[in-house]
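A.B. asks: To start, I am sharing the structure in question, which I have written as C-alpha cells.
The values are calculated or read from the model by the stated rules, or taken from the named source; none is laboratory data. As the structure is a computational prediction, the values presented were derived from the model and not from experiment. We place every Cβ from the backbone using ideal geometry, glycine too, and count neighbours over all the protein chains shown.
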Amino acid sequence: MRRPQRLMNKLSAAKVPALLEKKKGQWGDGAGLWLIVASPAAASWLFRYTLKRKAKVIGLGSARSISLAEARTKAAARRWH
C-alpha cells in the first residue's frame, strides 16, 4: 500500500500575520511544521515528528520573531538529523 503524499507549504507568508491576530488556533504548514497561536500575544512555531514510535515536539521559536521561511528551514534541518 502506497502512502499518501504529504502536502507541504500550505501556509503563505501573507496569511501568517492574519493568523497571528486570531485568538487561538493551530495551523499546519505540512511535514510536521505547525503554527500555534495561544493568544494574539503568544504564538510559536512547532515541529512535530515521531522517533521510535514516540511523538516528539520541538519548539522552533516565536512566530513574531521567526518568519515562515525561517521556520521551514529550521524544520527541514531537524527533519533530516
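A.B. asks: Name the single residue that is surrounded by the most Cβ atoms within 10 Å (Cβ to Cβ) among those in the range 22-81 being part of a strand (DSSP E or B) and aromatic (Phe, Trp, Tyr). It would help to see each step written out before you state the result.
C.D. replies: Step one: of the range 22-81, the residues part of a strand (DSSP E or B) are 25-30, 33-39, 42-51, 54-62.
Still in the running and aromatic (Phe, Trp, Tyr): 27, 34, 45, 47, 49.
Working: Trp27: 15, Trp34: 19, Trp45: 25, Phe47: 22, Tyr49: 14.
Once the filter is applied, the top-ranked residue is Trp45.
A.B. asks: Okay, next question. Between a first residue in the range 65-81 that is of a type in the set (Gly, Ala, Ser) and a second residue that is exposed (fewer than 15 other Cβ atoms within 10 Å of the Cβ) and not in a helix (DSSP H, G or I), which pairs have beta carbons less than 8 Å apart while being 6 or more apart in sequence or on different chains?
C.D. replies: Going by the 8 Å Cβ cut-off, the qualifying pairs are Ser67/Ala13; Ala69/Ala13; Ala71/Gly61.
Listed here are the residues, each with its yes/no results for (1) among the polar types (S, T, N, Q); (2) within 19 Å of Gly25 (Cβ to Cβ); (3) modelled with pLDDT under 95.
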residue: Ala41; (1), (2), (3): no, yes, yes
residue: Leu46; (1), (2), (3): no, yes, no
residue: Tyr49; (1), (2), (3): no, no, yes
residue: Lys52; (1), (2), (3): no, no, yes
residue: Leu68; (1), (2), (3): no, yes, no
residue: Arg78; (1), (2), (3): no, no, yes
